[in-house]
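> Quick one: this structure, given as structure tokens, is what I'll be asking you about.
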Amino acid sequence: MIRSTVVPEETRPGGNKLGKGKPGPKEATLFKLQAPLLEQGRSNHPMAHTDNMWATVKVYASGGENGLHTHPNEDHTFIVMQGRARYYGPEGVIGERGPLEGIMLPAGAYYWFEAISSEPLVLLRVGCRVGPQDPGGRLNIKGESMPGDSAENKQVPRKVKAGAFFGA
């Protein structure tokens, strides 16, 4: 059976029910990469998941960023769909990526990024569990928990661009 779906946000890794007794689908899932564009802030739009892998569209307003962190139990990659991103590690700039370019981050790699184009940054994020632990953990450089929606992770209020969508 093949189905088309958008995964509810509460089932995404990192603030999730995934890996906590709720198994993922056992059939193929079709999805479309789409999300509202932003004037300010950032947003996550889960597309599909299994017990061990998930795909999310992330949107950052121009100038948006996150804080230096790692996911100790998750390998993941970002593929830029629109805009440009500059990626940093603990020692400085790793590099810039534009449309149809990406970065692969193994579990335990520290990084942060910022949206450097005038247009909103749209990323396809694909993550994969590493080991039996909950993949949703995010740690700051001190090894302490760092929630995705925290001030430390540079969360700001979200403002949607009226009528502007990626993939619509």
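> Scan the stretch 137-162 residue by residue and report those that are in contact with a strand residue (DSSP E or B) (Cβ under 6 Å, 6 or more places away or on another chain), closer than 28 Å to GLU119 by Cβ and not in a loop (DSSP other than H, G, I, E, B).
Across the stretch 137-162, the qualifying residues are LYS159, VAL160, LYS161.
> Suppose the filter is under 20 Å from ASP149 (Cα atoms) and either aliphatic (A, V, I, L, M) or crowded, with 18+ Cβ neighbours inside 10 Å (or both); does LEU30 pass it?
For LEU30, the condition - under 20 Å from ASP149 (Cα atoms) and either aliphatic (A, V, I, L, M) or crowded, with 18+ Cβ neighbours inside 10 Å (or both) - is not met.
> Go through the stretch 34-79 residue by residue and tally those that are closer than 25 Å to PRO90 by Cα, touching a Ser or Thr at 6+ places or on another chain (Cβ under 7 Å) and crowded, with 22+ Cβ neighbours inside 10 Å.
Residues that pass the stated criteria total 1.
> Starting from the stretch 122-134, keep only residues that are in contact (Cβ under 8 Å) with a residue 40 or more places away in the chain and more than 30 Å from GLN40 (Cβ to Cβ), then list their pairs with residues that are among the polar types (S, T, N, Q) and crowded, with 17+ Cβ neighbours inside 10 Å whose Cβ atoms are within a distance under 7 Å, requiring at least 6 positions of separation or different chains.
Sorted first by the residue in the stretch 122-134, then by its partner, the pairs are ARG129/ASN73; VAL130/ASN73; GLY131/ASN73; GLN133/ASN73; ASP134/ASN73.
> Report yes if some residue within the stretch 153-167 is farther than 30 Å from GLU27 by Cα and without any contact (Cβ under 8 Å) to a residue 40 or more places away in the chain; otherwise report no.
Checked against the condition, which is being farther than 30 Å from GLU27 by Cα and without any contact (Cβ under 8 Å) to a residue 40 or more places away in the chain, the stretch 153-167 yields at least one hit.
> Within the stretch 83-105, take every residue that is aliphatic (A, V, I, L, M) and under 15 Å from the mean Cα position of the chain (by Cα) and give me the one that is surrounded by the most Cβ atoms within 10 Å (Cβ to Cβ).
Here the residue is ALA85.
Only the coordinates and a few stated rules stand behind these numbers; no lab work does. Note that the structure is predicted; figures quoted are calculated from it, not measured. Using ideal geometry, Cβ is built from the backbone for each residue, glycine included, and neighbour counts are taken over all protein chains shown.
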